[in-house]
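Structure first, commentary second.
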Amino acid sequence: SLTLFQFWSAGSGTRRRSPAASSRPVSPVVVHDDGVVGMIGNTPLVRLMTLSELTGCDIFGKAEFLNPGGSSKDRVALSIITEAERRGDLVPHTGATVFEGTVGSTGISLALLCRARGYRCHIVMPDDVASDKVAMLERLGATVERVRPVSIIDANHFVNVARRRAEEAQERAVRGGRPGTGGVFANQFETLDNFKVHYEVTGPEVYEQTGGELDVFVMGAGTGGTLAGVARYLKPRIPTLRVVLADPQGSGLFNKVKHNVFYAPTEAEGRRRRHQIDTVVEGIGINRLTRNFEQALGVVDDAMRVTDQEAVSMARYLMREEGLFVGSSSAVNVVAAVKVAKMSRPGTRIVTLLCDSGTRHLTKFWSDDFLRQQGLDPAPTGRDYIASL
Ligand code: PMP
């Protein structure tokens, strides 16, 4: 085993140094000469110690919560901005604005990266979203526009408003003879810049970190970008790999993967998830087919349903027994990973994602009162819980 000093000197092993840095005497601690964007990605895999021991498998979580904006959406935000720059749709420090309709982590990642890259950021969200999210985005320098919650087919749905604002800004810029100074619609659900970054970056990271020795990749899907990108990269390189979708309560993707039909388990659950009202699990689960998820069709082998209670109990377990404080989508991923492990031969290597930290979820998923109102049991769990799964 390593002394503490050797441990620190080894750095975080998986991080690449820039060629410039490695040609000089360097500190063992990584330096990001390119600023905050250099801190995005290259996240470590962390062995889930007790879960590996209890199942006899090797279960690893990719610690995406270590990204500077707190989730893997940093990768997507960077990809969307970089691709828009390449197309000439965004020119920095001209007042150009990135627009997005989102209630989640993507807004936070976009807001941060817009500051780092010289853009304005405009987030449109429904007006019933927790006010701490609005405050957070405003502290990060974004303009937040709140609209009445309506159906996605309505022109005033927050996603459609964001698209319209971007189109208006772009038109003004083009009319004024200053292309690139208006705005772009980030559009994370439909743009394949999302899929692309996971295919080109996240997938290769998992391949390198496992040395290509991986039996199962488990992941939930919100936009589907992560699942599709990682799976499409890994499958041809690891022909024996199985890809398993982790699907939360109320999402229609499970039925799409298992039976090739798209319906939520119950109408009420479907409605709840469509409007993201009182959903306990945030960020994954959806009832429409996005362009990003389409890229995953044909490379997903199986799907696992995960109940809200299972996610709640697993998050409590991960906190108590592993010292990992994660959000709801990470908990869903780990439940599915453990279920897969229990059905697999000993020594099976499983990787999933730990998407964000529990600190993002203090008023819902990590609020005992909120959970009890939803009829869920927030009690701490131990090893007997894993045995019961
Ligand atoms: N939950 C959280 C908190 C996330 O950051 C992400 C992104 N990795 C997801 C869920 C789902 O990812 P995707 O949109 O790529 O399906």
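The values are calculated or read from the model by the stated rules, or taken from the named source; none is laboratory data. Quick caveat, the model's predicted, so the values are computed rather than measured. No Cβ is skipped: glycine too gets one built from the backbone with ideal geometry, and neighbour counts run over all protein chains shown.
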State all residues of the range 335-380 that are surrounded by fewer than 21 Cβ atoms within 10 Å (Cβ to Cβ) and of a type in the set (S, T, Y); if no residue qualifies, say none. S344, T348, S357, T359, T363, S367
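Among the residues of the range 107-116, are any in contact with a strand residue (DSSP E or B) (Cβ under 6 Å, 6 or more places away or on another chain), in a strand (DSSP E or B) and of a type in the set (G, A, S)? Reasoning before the result, please.
Taking the range 107-116 and keeping what is in contact with a strand residue (DSSP E or B) (Cβ under 6 Å, 6 or more places away or on another chain), we get 107, 110-111, 114.
Applying the additional criterion that residues be in a strand (DSSP E or B) yields none.
The answer is no, given that none of the residues of the range 107-116 is in contact with a strand residue (DSSP E or B) (Cβ under 6 Å, 6 or more places away or on another chain), in a strand (DSSP E or B) and of a type in the set (G, A, S).
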How many residues does the range 36-58 hold that are within 17 Å of D384 (Cβ to Cβ) and touching a Ser or Thr at 6+ places or on another chain (Cβ under 7 Å)? 0
Just to be sure I understand, how many residues within the range 79-120 are surrounded by fewer than 24 Cβ atoms within 10 Å (Cβ to Cβ) and over 19 Å from the mean Cα position of the chain (by Cα)? 18
Over the range 314-325, the set of residues under 16 Å from I386 (Cβ atoms) and either crowded, with 23+ Cβ neighbours inside 10 Å or among the hydrophobic types (A, V, I, L, M, F, W, C) (or both) is M314, A315, Y317, L318, M319, L324
Quick count over the range 129-154, residues being of a type in the set (S, T, Y) and under 17 Å from L110 (Cβ atoms), is 1
Checked pairs for the range 288-300, first within 12 Å of the ligand (Cβ to nearest atom), second among the β-branched types (V, I, T) and in a loop (DSSP other than H, G, I, E, B), C-beta under 7 Å and 6 or more apart or across chains, list as T290/T223; N292/T223
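Quick grid of which residues meet (1) in contact (Cβ under 8 Å) with a residue 60 or more places away in the chain; (2) touching a Leu at 6+ places or on another chain (Cβ under 9 Å); (3) crowded, with 17+ Cβ neighbours inside 10 Å:
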{"site": "N156", "(1), (2), (3)": "no, no, no"}
{"site": "R164", "(1), (2), (3)": "no, no, no"}
{"site": "Q170", "(1), (2), (3)": "yes, no, yes"}
{"site": "R178", "(1), (2), (3)": "yes, no, no"}
{"site": "V184", "(1), (2), (3)": "yes, yes, yes"}
{"site": "F189", "(1), (2), (3)": "yes, no, yes"}
{"site": "F195", "(1), (2), (3)": "yes, no, yes"}
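Residue-wise test of (1) closer than 30 Å to P44 by Cβ; (2) among the small types (G, A, S).
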| site | (1), (2) |
| --- | --- |
| V161 | no, no |
| E168 | no, no |
| R172 | no, no |
| G177 | no, yes |
| V184 | no, no |
| N194 | yes, no |
| L227 | yes, no |
Restricting attention to the range 199-236, and to residues there that are more than 20 Å from S329 (Cβ to Cβ) and part of a loop (DSSP other than H, G, I, E, B), which single residue is nearest to the ligand (Cβ to nearest atom)? L214
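Which helices (runs of 4 or more DSSP H) does the range 288-389 wholly contain that include 2 or more residues that are more than 26 Å from L66 (Cα to Cα) and within 18 Å of the chain's Cα centre (by Cα)? Steps first, please.
Details: elements: 291-294, 308-317, 328-342, 368-373, 383-388.
Those helices (runs of 4 or more DSSP H) span 291-294.
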Residue check: is L78 closer than 17 Å to R139 by Cα and part of a helix (DSSP H, G or I)? no
Any idea which residue in the range 149-196 is farthest from G224 (Cα to Cα), counting only those that are among the β-branched types (V, I, T) and assigned to a helix (DSSP H, G or I)? V174
Name the single residue, out of those in the range 337-389 being of a type in the set (S, T, N, Q) and within 16 Å of the ligand (Cβ to nearest atom), that is modelled with the lowest pLDDT. T363
How about the range 315-336: which of its residues are within 15 Å of the ligand (Cβ to nearest atom) and either under 22 Å from L227 (Cα atoms) or of a type in the set (D, E, K, R) (or both)? A315, V326, G327, S328, S329, S330, A331, V332, N333, V334, V335, A336
Hey, any hits in the range 41-49 for a residue that's within 16 Å of the ligand (Cβ to nearest atom), under 19 Å from the mean Cα position of the chain (by Cα) and closer than 30 Å to Q170 by Cα? no
Residue satisfying condition, being more than 16 Å from the ligand (Cβ to nearest atom), closer than 15 Å to Q188 by Cβ and touching a Lys or Arg at 6+ places or on another chain (Cβ under 8 Å), within set V134, V98: V98
Between L54, L113, which is within 16 Å of the ligand (Cβ to nearest atom) and under 25 Å from M219 (Cβ atoms)? L113
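In the range 301-314, which residue that is within 30 Å of P239 (Cβ to Cβ) and free of Cβ contacts under 8 Å to residues at least 60 places away in the same chain is nearest to the ligand (Cβ to nearest atom)?
Looking at the filtered set, the residue picked out is A303.
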Would you mention how many residues in the range 118-148 are assigned to a helix (DSSP H, G or I) and in contact with a helix residue (DSSP H, G or I) (Cβ under 6 Å, 6 or more places away or on another chain)? 1
